[in-house]
Each structure stands twice: as structure tokens, then as C-alpha cells.
Amino acid sequence: MERRRWLMLLLMACLFVGSTGRGFRIKHTVESAAYNHTLATILVEYASAVYMSDLTELFTWTCSRCDGLTKGFEVLELVVDVQSCLQAFVGVADDLDAIVIAFRGTQETSIQNWIEDLFWKQLDFDYPGCTDAKVHHGFFNAYNNTIMRSGILDGVNRAKEIYGDLKVMVTGHSMGGAMAAFCGLDLAHIYGSKNVQVMTFGQPRIGNAAFASYYSEHVPNTFRVTHEHDMVPHLPPYYRYFPEKTYHHFPREVWLYNVGFGFLIYEVEKICDGSGEDPECSRSVSGNSISDHLSYFGVEMGCDTSSKCRIVMAPTLASYGNVDNNGNFALSRLPSKFILKMKTEPGVNNTNHRVY
């Protein structure tokens, strides 16, 4: 208990130091896409659903969170890294006309574990045309050096083979948002920036200013939604006195906060500036709330069970995938019905064909 209390005091001190003042602005000025409130309220439900521990219900999209604005979604790939407690899915949303990828965030019982690893452990980021960039080694490795990357890319490739050249939307909450960002950058290099959109919720910082510049140039259609005093977007700490070395958010932030008094309270969605570290947005308040981290647009974020990395799966699902020597697995399937999208050539009367 003493160690935990000391750690929280240290976090609060760091957050206070980094919560005020203007900082280093990213070098690249890139035209940002328009923020879409309706899309945000849809994607947050995907970011919530991926937390579900019953993989049978998640894979068949029958879970308690697999309804509402995401009704009718069909999962094509469900990836689970048991060793690292990671989970994600790939599927197709007819209403969005898009492939949707969602990454699970950290379970509440293990938040303490990765907070202890957040401060200065940075890794050189070796991407073509990117210099002086550094990223958080834990978040980078969670996507790139586990089963997650191969499983996600396999699901996206199969979806594009079946449906044609659909756009890709990537989302996630908390640490899932960090993985979603690395995935979005990866996909932008493979399929092009115009075909990839990223929207995260309660995402921590994942790299320095050089990385933020590189990211914003290659994945301009990105929004980081933050909520009130959510503590996680304040981590790892931002130090305005060390702008070249410190962790730095990439743009563009959308800050959710309440205004009003008594019964006249409503939520504001403030679109922040292009610096990634707008002092008039979430940095204008202390990041001291876990409850603000666990609710976005009134949607419950976090796991449906307090048991760390609990997995429930019917034996019948084993036929949909293979388990490696470490117990990690990816469940794959073809959709029960799908539309083959055909390019319309001049002078040819092509129509979409529905296949059952």
C-alpha cells in the first residue's frame, strides 16, 4: 500500500508540472479531417465491446455491448495474446462501409502495472523518412512484437479481398488507443493515408515531438478524444521545459467536458488546436480521475469482469483458429453474407452482387 501511495503522489506531481504552459509545436502542418460527432459515438461502442471477456459472444457479436449503434457488425478476425493480456478484432460495418478494427485497453486490475513503466523508457522509432523519433517501447511492442500485428493484418487483407477496397477505421480506449495509433500508422504505409482513419479514447502519449510530427503527416485523419480530468491522456508526463525529449501527443484532440450549473449541465466537445498539446484543452485541468477514464459519451469503458485477462470461450470456437505454443490465438472466418464490390468501368453496366 505504501508503494502504491508513493507512486500515485509521484504521478500527481508530474501531472501538475506538465499541465500548464505552451510547448513545442509539431513541425508539419497537415490539413485535418472534419470531426464527426456521430462517428465518434459509434466508434466508442466498438472500443467498449472489445473489452468483453466472453469470446464466443464477441466473435458472434451477441454480447451485451454488441448492440445499439453497432448492431449488425460482423467480426472476421478475433486476436488474443494471452501472454500480454491483449485483445482486438477486425470486422466489417455495413453502415460505415468500412473495415473496423478495435483494440482492448488495459484492464483496471493491471493499470498499475503499465503506469509504473510509463516514464522515460523510450525506443528509437525506425521508419522510412523519420529521424529523431522515439516511442514508448511497451506500447510499440504491444502492437508490433506480439501476435496482434500479424492477426490484424491478416484480417484486414481478407476483408479487402472479399469486400474490395474499403476504408479502414481503427479505434481503441486507453492502452488500446495507443495500439490503435501504431496500427493506423502501419496501415497508412500499406494502404495509403486516405484510406485509414483513427479515433481513440483516453489514449496516453506514445512518442516524442518528432514522432508526433511524423504521425500527423502520415495519418492526418486522426482524432484523440479525451474526457474531463481523465488521468491517462496526461501520461507519460509532458514537460514543457524539455520539449525535444518529452513525450508529446499528436493532433487532433477533442476534449469532452461539462459546463453549466445545477440542472443546466451539458457536455461540450471542444476541437483543440493542431499542436497536439493545446493548453486550453485537457492540459488545462489536472489529470486525476479514473472515473472520467472509464466513461466516454456515457458508454462504459473497461472490462466486464474484475478478473485479470479472463477468457470465456465455447469449445466449438476452436475450429476457427489455431493456438500457438504460448496459448495465443486468432479466430478467423468468412462472413455469413457479403457484398462483392465491383469497379464500374466506362460503358459497362456493372452492379453490386450480393452473395449468400
Return yes when Arg65 is in a loop (DSSP other than H, G, I, E, B), modelled with pLDDT of 95 or more and under 30 Å from Lys270 (Cα atoms) and no when it is not. yes
Unmet requirement for Ala212, which otherwise passes all of (1) more than 20 Å from Lys121 (Cβ to Cβ); (2) in a helix (DSSP H, G or I): (1)
Within segment 272-288, identify whether any single residue is part of a strand (DSSP E or B) and touching a helix residue (DSSP H, G or I) at 6+ places or on another chain (Cβ under 6 Å), and answer yes or no. no
Test: residue in segment 284-305 that is within 25 Å of Asn145 (Cα to Cα) and modelled with pLDDT under 90: yes
Can you find a residue in segment 87-94 that is surrounded by fewer than 18 Cβ atoms within 10 Å (Cβ to Cβ), modelled with pLDDT under 95 and either within 16 Å of the chain's Cα centre (by Cα) or part of a loop (DSSP other than H, G, I, E, B) (or both)? yes
The conditions are (1) out of contact with any strand residue (DSSP E or B) (no Cβ under 9 Å at 6 or more places or on another chain); (2) in a helix (DSSP H, G or I); (3) not hydroxyl-bearing (Ser, Thr, Tyr), and Asp165 fails exactly one of them. Which is it? (2)
How many residues of segment 289-303 are surrounded by fewer than 16 Cβ atoms within 10 Å (Cβ to Cβ) and either basic (Lys, Arg) or part of a loop (DSSP other than H, G, I, E, B) (or both)? The answer is 3
Out of the residues in segment 137-158 that are more than 25 Å from Glu74 (Cβ to Cβ) and either in contact with a helix residue (DSSP H, G or I) (Cβ under 9 Å, 6 or more places away or on another chain) or among the aliphatic types (A, V, I, L, M) (or both), which is surrounded by the fewest Cβ atoms within 10 Å (Cβ to Cβ)? Asn144
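The values are calculated or read from the model by the stated rules, or taken from the named source; none is laboratory data. Predicted model only: the values in this text are computed from it and were never measured. Cβ coordinates were reconstructed from backbone atoms using ideal geometry, including for glycine residues, and neighbour counts include every protein chain displayed.
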